[in-house]
Structure formats: C-alpha cells, structure tokens
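The values are calculated or read from the model by the stated rules, or taken from the named source; none is laboratory data. If you're wondering where the values come from, they're calculated on a predicted model, not measured in any experiment. Cβ: placed from backbone, ideal geometry, glycine included. Neighbour counts: every protein chain shown. These area figures cover heavy atoms from the full protein model, side chains too; ligands, DNA and RNA do not enter into them. Shrake-Rupley method; radii C 1.70, N 1.55, O 1.52, S 1.80 Å.
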Amino acid sequence: MIDKSQCSGVWVFAEYRNGVIQDVTFELLAKGRELADKRGAKLAAVLFGQGLKDKAADLFANGADIVYYADAPALATFNGDAYTAQLTALVQQYKPEILLGGSTIAGRSFFPRVAVRVDTGLASDCTGLDVDAAGILQAVRPAYAGNVLATIVCPEHRPQMASVRAKAFKKGAPVAGRTGELIEVPAATGEVKTQILETVRDTGNVVNLADADIIVSGGRGIGGPDQFGFIQDLAAELKGAVGASRAAVDAGWISSVHQVGQTGKTVKPKLYIACGISGAIQHLAGMGASDFIIAINKDAAAPIFEIADIGIVGDLFAVVPALTQALKNR
Amino acid sequence: MHIVVCIKQVPSSIAVKTDPATQALTCTGSDYLINPFDENALEAALVLKDSDKAKVTVLTIGAAQAADVLREALGRGADAAQFISDAAFDGSDAWATGKILAAAIQKLGDVNLVICGKQTFDGDTAQVGPSLAEFLGWPCVAFVRKIALEAGALKVERMYEEGFEKIALPLPAVLTVGKEINTPRMASLKGRMAAKKAQLAPITAAALGLAPETVGAQGARTRLAKMAPVPRKSGGIKVDGSDAAVAAKTVVDKLREMKLV
Ligand SMILES: Cc1cc2nc3c(=O)[nH]c(=O)nc-3n(C[C@H](O)[C@H](O)[C@H](O)COP(=O)(O)OP(=O)(O)OC[C@H]3O[C@@H](n4cnc5c(N)ncnc54)[C@H](O)[C@@H]3O)c2cc1C
Ligand SMILES: Nc1ncnc2c1ncn2[C@@H]1O[C@H](COP(=O)(O)O)[C@@H](O)[C@H]1O
C-alpha cells in the first residue's frame with residue numbers, strides 16, 4: 001500500500017489508438033486541470049507507445065505540466081499485461097494522488113489490474129468527478145442499471161483511481177506552444193504472457209456508436225428488418241449512425257453491435273432520434289444522457305416522451321420519411 | 001481441464017424509491033436472474049466442455065437466494081457449483097469480490113481457466129474479472145468474443161472499439177466475455193431435475209481462509225458516499241404527428257435553430 005502522505009498530483013492515462021490520442025484523454029486533461037488546480041498540484045499525462053515522443057506536445061497544449069513517456073515494442077499497441085506492469089511501476093515510483101483514464105475497452109481491461117497491484121480502489125465508468133477540500137476524489141457513476149447516480153470515494157488508499165466515460169467532460173481549447181516537462185521513463189513491462197497475433201480493423205462491421213454525434217435508433221415499432229431502411233435513410237441524411245433497442249436486436253432485424261442500452265452501448269450523441277422505442281429503463285440507461293432527444297412513437301403515453309426534448313406522437317412510417325424529406329429540402 | 005465460471009444473480013428490473021422522511025434512496029430488485037453476460041460465460045465454458053472434455057464449475061458470491069443461479073447453471077450442464085455466502089462478504093466492492101473469488105478458485109486447486117461476464121447488470125463495474133486475475137497472478141484478456149483451445153493454450157479474439165485482435169495466451173488465465181460470443185442454451189428438463197437435488201452448502205470466509213475484516217464493507221477499497229436520483233431532463237415539447245409533413249417541418253426548423261443540422 002502506497003503511503004497516502006507522500007502522494008500528490010493528478011494523472012491522466014493518455015490512450016493512443018489507431019494513430020491518434022483519443023478524445024477522452026483531452027476531455028480528462030481538461031477536467032484533470034481543474035482538479036489539479038483545486039489541489040494546488042501538477043497535472044501529468046502518461047503516454048505509452050513506440051515512437052510517440054512528439055505526441056507529448058498535444059498533451060502539454062491541453063494542460064499537462066508533465067508527460068511521463070514510456071517507449072517499448074511491448075507498448076506499441078494495448079497489451080493488458082504490459083500496460084498493467086508499466087503503469088504500476090510508474091505509480092509506485094511517482095505516487096500520484098489521483099489517476100484517471102478513459103472508460104474504453106483498454107481502460108476497463110487494465111485499470112482494475114493496476115488497482116489491485118498497487119492496492120487501491122477504482123471507480124469505473126464515471127460520468128462526474130470532483131475533489132473535496134480534504135483531497136478526496138468524488139467519483140460519480142450511474143449504478144443499478146442507470147437508475148441512480150452513486151458517488152464513490154476511496155478514502156484510505158492511493159492513488160484514487162477512476163475510469164471515465166467518453167464525452168462526460170468537454171475538451172478545453174489547446175494552447176499552442178504551451179510546454180512542460182517530458183520525463184522519459186524506462187520500460188517496465190514485466191513478463192508479458194499475452195501475445196497479440198493480429199489486429200483487425202473492422203470498421204465495416206463495427207458501428208462506433210460511442211463516438212457518433214447523431215444516432216437514429218429503431219425499436220420494435222419498426223416491425224421488421226426491411227423497414228430498417230427508413231431508419232438508415234434518415235441516419236444517412238444526417239450523417240449519423242444507426243442504433244437499435246434490444247427488442248429490435250432480439251427480433252433479428254439488426255445485428256447486436258447496434259444495440260443501445262444497459263446490455264448494449266452507452267451513447268451520448270448531440271442528437272438521438274428514437275423511432276418506435278418505448279423507452280424502457282434499460283434503454284434509457286444507454287442513451288438518457290444524450291444532449292438532445294427526439295422520440296417518435298404512436299403511443300402518447302410511452303415513457304420515452306418523459307425524457308424527449310421533442311416528442312412526436314405519430315406513426316413512424318409517415319413521420320420518419322417525412323423527416324428525411326424535410327432535411328433534404330432544408 | 002477445469003474451467004470455473006463466475007456468475008452473479010442480478011435483478012431484471014430495479015425500482016428506486018425515496019424515503020419521504022429521510023430522503024434516503026433505496027433500490028429494490030425483482031425477478032432475479034443470471035447476469036446476462038454470465039450466461040454467455042457459462043455457455044462458452046459448456047462449449048469447451050463439449051469439445052475438450054473439460055469440467056465446469058460455477059461459482060457465485062451472494063445471499064441465500066443466489067443459490068438459484070447455481071441450480072440454473074447446473075441444469076444447463078455445469079458439473080459442480082460453489083455457493084460462496086457469508087455475512088462477512090456484505091458490502092464487498094469489486095476489489096473485495098475479486099479477492100474472494102480468487103481465494104475460492106485457489107482453494108479448488110486445479111483450475112486452468114476462469115471465464116467471467118464482461119460486466120454485471122447491477123454493479124456494472126467490469127472490474128471483477130480483471131481484478132480476480134490479478135489476485136491469482138494470471139494473465140487476463142477482457143471483452144473476448146471468441147475462444148479456442150489449441151495445444152493446451154488459448155487463442156482468443158478480443159474486441160476493441162474499431163475491430164478485434166487475435167491474442168495467444170497460456171493457461172491458467174482469466175477471460176471476460178460479452179454477448180457477441182454465443183447464444184446461451186436452455187437448461188434441459190433432466191438437468192433441471194438433477195440440479196434441484198444438488199447440495200449447495202454455503203462456503204464461508206473462514207473456509208476460504210479470509211479474515212472477515214479483509215473482505216466485505218470493511219475490506220473494500222471504495223465506499224459509497226452518496227446516492228442520488230438521475231437528473232432527467234423535462235420540459236420537452238410534444239408535436240402532433242398526424243400530419244407528418246407539418247410535424248417534420250416543425251422539427252427540422254427547431255434543429256436548424258439549434259444548429260444541430
Ligand atoms: C437484463 C435486461 C437487459 C436489457 N438491456 C437492454 C438494452 O441494452 N437495450 C434495450 O433497448 N433494451 C434492453 N432491455 C429490454 C428492455 O426492457 C425493453 O424490453 C426494450 O428496450 C424494448 O424495446 P422497444 O422499445 O423497441 O420495444 P417496445 O417496448 O415493444 O416498444 C415499441 C414501441 O414502438 C411503438 N410503435 C409501434 N408501432 C409504431 C409505429 N408504427 N409508429 C410509431 N411508434 C410505434 C409502440 O407504441 C411502443 O412504444 C433489457 C432487459 C433486461 C431484462
Ligand atoms: N458476486 C459475484 N459472484 C460471482 N461472480 C461475480 C460476482 N460479481 C461479479 N462477478 C463476475 O464478474 C463479472 C464482472 O462483474 P462487475 O465487475 O460487477 O461488472 C461478472 O460478469 C461475473 O462474471
């Protein structure tokens with residue numbers, strides 16, 4: 001267990017994937033800057049990879065005072081074993097007070113392991129963060145199937161770890177030329193038992209709903225696989241992604257990668273259009289935080305209308321094509 | 001080959017109530033079932049059992065009624081079940097849950113592979129699988145969508161946001177799986193009858209060699225400081241959709257005004 005009294009600083013794990021530092025990193029740097037300032041402490045970013053040293057500039061521009069950078073072949077792409085060993089070694093040496101990362105597949109795969117190795121607590125998939133006067137991180141996350149917001153604390157152990165959902169916070173405006181201290185750290189990847197044989201980019205089959213700004217979703221009201229064409233047309237007109245309720249997925253009308261909700265994807269687009277979806281709590285758990293929600297449903301009492309910014313009571317087979325047409329005419 | 005599957009009993013729906021006197025929130029569940037992704041974990045193990053003659057043991061930590069999910073799993077074809085239950089485990093966070101499960105797996109002694117669901121429906125942390133791997137000191141791949149056993153080692157496909165990766169790893173290991181991996185089977189009638197008779201005596205903290213203060217609420221690394229209702233927005237407008245073209249124009253005007261399109 002790391003001695004609490006020796007810990008200071010806020011760290012953000014910088015996730016580099018597909019040639020870019022992921023947006024969630026910049027969102028966390030913006031929030032991390034706030035938390036570090038409240039604590040009168042430094043904000044650091046931790047970057048792992050191969051040949052990425054020049055990427056540190058982006059992290060400084062977005063608020064980092066320090067960048068810890070580890071360069072090793074084993075760190076070139078996400079490898080749970082290697083990343084766990086490397087981050088653990090850094091945490092044990094430099095002792096941050098707070099350690100944040102994105103609630104991405106990588107983040108959710110290795111943050112829990114780091115937490116056990118350094119013997120501390122982790123709040124997963126958070127949507128809100130604050131720090132109190134005593135330096136206790138208040139990590140807010142949806143719990144009980146999205147029914148409540150729980151505030152999780154880790155009073156005794158350090159660092160206080162949290163993984164955070166994409167788009168929970170807004171990125172700041174980068175300050176070009178802002179600099180900081182680059183600390184190159186030795187590779188400490190430990191014994192790597194997992195061997196990555198092949199990485200297959202498969203964006204044709206993968207709908208990155210989490211990143212979409214606009215999502216048009218269809219539910220049981222769509223009535224069949226062919227009618228999903230209406231949803232696709234509207235989504236295409238809006239340059240958005242296609243989502244679905246579980247009922248539509250279970251009916252076999254659309255593949256499960258499109259499912260939004262508790263057992264599907266969690267999304268937070270600027271615009272979410274729910275067509276023929278009743279608004280069950282498990283669906284709301286996945287999309288209730290969307291910035292602007294439009295619901296189209298013929299049942300005026302459907303619960304989806306309770307959270308819709310615009311609720312259209314009507315037949316989706318008339319309204320959805322009319323919307324697509326009205327957008328074409330705009 | 002001995003495979004352990006960790007399954008949790010979760011409510012299929014949850015009602016949130018605010019106590020008018022204290023303003024405290026209570027969440028009560030109903031219609032308990034196996035956590036959906038744990039059904040996929042069990043199915044993945046049963047598929048390996050069918051092809052590679054593995055023994056499958058299901059494990060759950062929970063209160064008395066949680067034994068139901070073990071019986072369900074036995075009915076589907078699991079060979080053995082461990083019901084881990086002790087008041088000392090109440091209030092465990094993901095860290096403590098991982099620790100208890102790891103102790104139970106270590107006690108079994110001959111386990112080669114642990115399969116968990118990627119996350120639970122209620123706790124929803126996706127932490128327990130990777131945590132317990134760490135307590136065991138075993139490699140772990142989370143969010144797996146395909147598992148193959150080849151020459152005593154694993155080849156798996158791990159999902160990531162823009163595709164998937166093929167990963168090789170040795171046994172023993174811990175994997176977590178999502179619903180992409182398979183479609184769970186139903187329990188057979190014969191299996192269900194046999195499962196009814198299974199003896200599921202609770203395994204306690206003492207039996208696992210865990211001091212009560214190292215698990216449960218006392219041992220947990222995190223605490224629940226507060227619970228609040230999810231702020232839901234209101235004040236939306238309703239549009240009559242009986243004339244679709246008029247409704248569509250109203251909506252598009254509004255979207256343009258808000259610069260959403
Ligand atoms: C453990 C568990 C996990 C779950 N996870 C998820 C999840 O991740 N995601 C998810 O979505 N659900 C999930 N569910 C299921 C959820 O409870 C609901 O059953 C599901 O969301 C319902 O989908 P739906 O709204 O499409 O269908 P329904 O509830 O049947 O609603 C269909 C709606 O379409 C409307 N409609 C019909 N015809 C028309 C028309 N012509 N024009 C306009 N409106 C029309 C109807 O009025 C109705 O409101 C989960 C359930 C459980 C138990
Ligand atoms: N009480 C429990 N008993 C057995 N397995 C559990 C328990 N809690 C979590 N798990 C396993 O850990 C996975 C992840 O759970 P969680 O970290 O709570 O999202 C689940 O899908 C289960 O496989």
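Annotations for the structure displayed:
Yes/no matrix, rows are residues, columns are (1) at pLDDT 95 or above; (2) open to solvent by 10 Å² or more (accessible area, probe 1.4 Å):
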residue	(1), (2)
B:Gly98	yes, no
B:Val111	yes, yes
B:Val128	yes, yes
B:Leu132	yes, no
B:Trp138	yes, yes
B:Ala142	yes, no
B:Ala148	yes, yes
B:Ala151	no, yes
B:Lys179	no, yes
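- Scan of segment A:268-294 for residues that are more than 9 Å from ligand 1 (Cβ to nearest atom) and part of a strand (DSSP E or B), ordered by number: A:Leu271, A:Tyr272, A:Ile273, A:Phe292, A:Ile293, A:Ile294
- The residue of segment B:95-121 that is nearest to ligand 2 (Cβ to nearest atom), among those that are facing chain A (nearest Cβ under 7 Å) and under 16 Å from B:Ala220 (Cβ atoms), is B:Gly98.
- Boolean, B:Ile167 is open to solvent by less than 30 Å² (accessible area, probe 1.4 Å), more than 12 Å from every other protein chain (Cβ to nearest Cβ) and not hydroxyl-bearing (Ser, Thr, Tyr): no
- Any hit, segment A:105-113, residues being within 22 Å of the chain's Cα centre (by Cα), farther than 19 Å from A:Glu156 by Cβ and aromatic (Phe, Trp, Tyr): yes
- When the residues of segment A:310-321 are filtered to those that are near ligand 1 (Cβ under 10 Å from one of its atoms) and not in a loop (DSSP other than H, G, I, E, B), the one that is most open to solvent (accessible area, probe 1.4 Å) is A:Phe317.
- The single condition among (1) at pLDDT below 95; (2) in a helix (DSSP H, G or I) that A:Ala166 does not meet is (2).
- Residue match in segment A:197-214 (condition: of a type in the set (Val, Ile, Thr) and more than 12 Å from every other protein chain (Cβ to nearest Cβ)): no
- Yes/no for A:Asp58 being open to solvent by 40 Å² or more (accessible area, probe 1.4 Å), free of Cβ contacts under 8 Å to residues at least 12 places away in the same chain, assigned by TED's automatic domain parsing to the domain that holds A:Ala173 and more than 26 Å from B:Arg158 (Cα to Cα): no
- Boolean, B:Ser30 is open to solvent by 40 Å² or more (accessible area, probe 1.4 Å), over 25 Å from B:Gln127 (Cβ atoms), free of Cβ contacts under 8 Å to residues at least 24 places away in the same chain and more than 16 Å from ligand 2 (Cβ to nearest atom): yes
- Hey, B:Asp52 acidic (Asp, Glu) and in contact with a Leu (Cβ under 9 Å, 6 or more places away or on another chain) or not: yes
- Of all the residues in segment B:8-23, those that are of a type in the set (A, V, I, L, M), away from ligand 1 (no atom under 14 Å from the Cβ) and touching a residue at least 24 places away in the same chain (Cβ under 8 Å) number 1.
- Restricting segment A:126-141 to residues that are open to solvent by less than 20 Å² (accessible area, probe 1.4 Å) and touching a residue at least 60 places away in the same chain (Cβ under 8 Å) leaves a set whose member that is farthest from A:Val267 (Cα to Cα) is A:Gly135.
- Consider segment A:295-309 and keep the residues that are within 10 Å of ligand 1 (Cβ to nearest atom) and within 27 Å of the chain's Cα centre (by Cα). The one that is surrounded by the fewest Cβ atoms within 10 Å (Cβ to Cβ) is A:Pro303.
- Matching residues, segment B:246-261, being among the hydrophobic types (A, V, I, L, M, F, W, C) and either more than 7 Å from every other protein chain (Cβ to nearest Cβ) or part of a loop (DSSP other than H, G, I, E, B) (or both): B:Val246, B:Leu255, B:Met258, B:Leu260, B:Val261
- Test: residue in segment A:246-264 that is near ligand 1 (Cβ under 9 Å from one of its atoms), more than 9 Å from chain B (Cβ to nearest Cβ), open to solvent by less than 20 Å² (accessible area, probe 1.4 Å) and under 19 Å from B:Asp240 (Cβ atoms): no
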